[in-house]
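Here the structure comes first, spelled out in structure tokens, and everything after it is commentary.
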Amino acid sequence: MALAKSVYNLLFRRTSTFAITIMCGAIVFERVFDQAGDTLFEQINRGKLWKHIKHNYEEAEEE
Amino acid sequence: MAALRVVATTGSGRTLLNAAKCTHTHKAQMSFASLPKGKKVALTTLGVLTTGGIGLALALQQSVKASDLELHPPNYPWSHNGMVSSLDHASIRRGYQVYKQVCSACHSMEYLAFRNLVGVSHTEAEVKAIAEEIEVVDGPDDSGEMFTRPGKLSDYFPKPYPNPEAARVANNGALPPDLSYIVNARHGGEDYVFSLLTGYCDPPAGVSVREGLYYNPYFPGQAIGMAPPIYNEVLEYEDGTPATMSQVAKDVCTFLRWAAEPEHDQRKRMGLKLLMGSAILIPLVYYMKRHRWSVLKSRKIAYRPPK
């Protein structure tokens, strides 16, 4: 409860800090959620996506 | 009805109940349970008959489809079948090789440009090299002449025939359809195309197929104007995969699925994120509903018949 209380006093108590907290929180959440989703998708489809096979074709050219 | 009182607290309810004493009440004739027996039987019969009738109509409607003569393709376990399963891009790459070396002799894919392959099955440098192999008529130049130049990334796939009439003449009057969207344009999608490509066989006894047509049980009408296009070792894969007939058919179908639905992988990626989002939201909404309703659910409803 102490944590909730200090979070409230520090961030949510005043409208200005509350709005900033929500906006920053949205950005951070978006990025984390998106990257987690991509990682999960690539994990499920390991070896099937272009990302996983392109090194076979790119390295051959750069040599 | 007047006798029914919603009471929030016993304290205030007492007065309400007392007030109700003097009002006249009558029996509510609204529920099924209070109907006479004869009516109950009649209503029940009506319900059963309606439901049964709808069920019978649906069943009959289904059986009409069974009179089709063509063979329906089985459901094959494509690696992109799952809800969040992407296409197999190595297979798309082999499938493009099959299209280019086999199918493109007769079939166009006019809605596909070389640039579409970049980042899907080939690198940009590879696609540039592929595009340069073809000659494209461009122009007019400064003197008003048309000229030919090597293809570039933005060019669309070359067509085997200049127009549908020429395509018909070259194929015994049958028009090879454009393959860009073929798996969406046929019932059964890639299952159908796979079955069609691998399904050629001798006609059963008593069935004769006209000169220039081939027997294929999966094709509506059973006689198709396309000669069996693939067989074992019809080509040699650049990645060394053994080119058996079913491998070739599977790869070209995966390629055609991608061609018809290039957004396939993105769609499933977003679907997965939607499911993840719902996993967070649905419990929250459920909790909120329970929270809001807790007031209503914990009310006390009392009924005291007037004396």
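The values are calculated or read from the model by the stated rules, or taken from the named source; none is laboratory data. Quick caveat: nothing in here was measured; it's all calculated off a predicted structure. Glycine also receives a Cβ, built like all others from the backbone with ideal geometry; neighbour counts cover every protein chain displayed. These area figures cover heavy atoms from the full protein model, side chains too; ligands, DNA and RNA do not enter into them. Shrake-Rupley method; radii C 1.70, N 1.55, O 1.52, S 1.80 Å.
Here are some notes:
- Residue B:76 being surrounded by 13 or more Cβ atoms within 10 Å (Cβ to Cβ) and under 19 Å from the mean Cα position of the chain (by Cα): yes
- Subset of the range B:137-168 that is of a type outside the set (A, V, I, L, M, F, W, C) and under 17 Å from residue B:262 (Cα atoms) - its residue that is surrounded by the most Cβ atoms within 10 Å (Cβ to Cβ): B:156
- Any hit, the range B:142-162, residues being free of Cβ contacts under 8 Å to residues at least 24 places away in the same chain and under 30 Å from residue B:249 (Cβ atoms): yes
- The residue that is nearest to residue B:118 (Cα to Cα), counting only those in the range A:8-33 that are touching a helix residue (DSSP H, G or I) at 6+ places or on another chain (Cβ under 9 Å) and open to solvent by less than 60 Å² (accessible area, probe 1.4 Å), is A:33.
- Positions within the range B:35-56 being hydrophobic (A, V, I, L, M, F, W, C) and at pLDDT 90 or above, in sequence order: B:41, B:42, B:43, B:46, B:48, B:49, B:54, B:56
- Scope the range A:13-63; condition farther than 25 Å from residue B:271 by Cα and not in a helix (DSSP H, G or I); matching residues: A:13, A:14, A:63
- Inter-residue pairs, beta-carbon under 6 Å, first under 12 Å from residue B:86 (Cα atoms) and in the range A:32-46, second not charged (D, E, K, R), 6+ apart: A:41/B:272; A:44/B:84; A:45/B:86
Matching residues to (1) out of contact with any Cys (no Cβ under 9 Å at 6 or more places or on another chain); (2) without any contact (Cβ under 8 Å) to a residue 40 or more places away in the chain; (3) in a loop (DSSP other than H, G, I, E, B); (4) away from every other protein chain (no Cβ under 13 Å):
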| position | (1), (2), (3), (4) |
| --- | --- |
| B:56 | yes, yes, no, yes |
| B:59 | yes, yes, no, yes |
| B:99 | yes, no, no, yes |
| B:110 | yes, no, yes, yes |
| B:115 | yes, yes, no, yes |
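- Top-ranked residue in the range B:269-299 [being touching a helix residue (DSSP H, G or I) at 6+ places or on another chain (Cβ under 8 Å) and of a type outside the set (A, V, I, L, M); ranked as surrounded by the most Cβ atoms within 10 Å (Cβ to Cβ)]: B:269
- Any hit, the range A:40-62, residues being small (Gly, Ala, Ser), within 14 Å of another protein chain (Cβ to nearest Cβ) and out of contact with any helix residue (DSSP H, G or I) (no Cβ under 9 Å at 6 or more places or on another chain): yes
- If you go through the range B:183-207 and keep only what is open to solvent by less than 50 Å² (accessible area, probe 1.4 Å) and on the phi < 0 side of the Ramachandran plot, you end up with B:183, B:190, B:191, B:192, B:193, B:194, B:195, B:196, B:197, B:198, B:199, B:200.
- Residues of the range B:129-136 include at least one that is surrounded by fewer than 15 Cβ atoms within 10 Å (Cβ to Cβ), within 14 Å of another protein chain (Cβ to nearest Cβ) and not hydroxyl-bearing (Ser, Thr, Tyr).
- Among residues of the range B:265-292 that are more than 9 Å from every other protein chain (Cβ to nearest Cβ), those with a beta-carbon under 7 Å from a residue that is outside any helix (DSSP H, G or I) and open to solvent by less than 90 Å² (accessible area, probe 1.4 Å) at least six positions away or on a different chain give the pairs B:271/B:84.
- Matching residues, the range B:85-97, being assigned to a loop (DSSP other than H, G, I, E, B) and open to solvent by 10 Å² or more (accessible area, probe 1.4 Å): B:85, B:88
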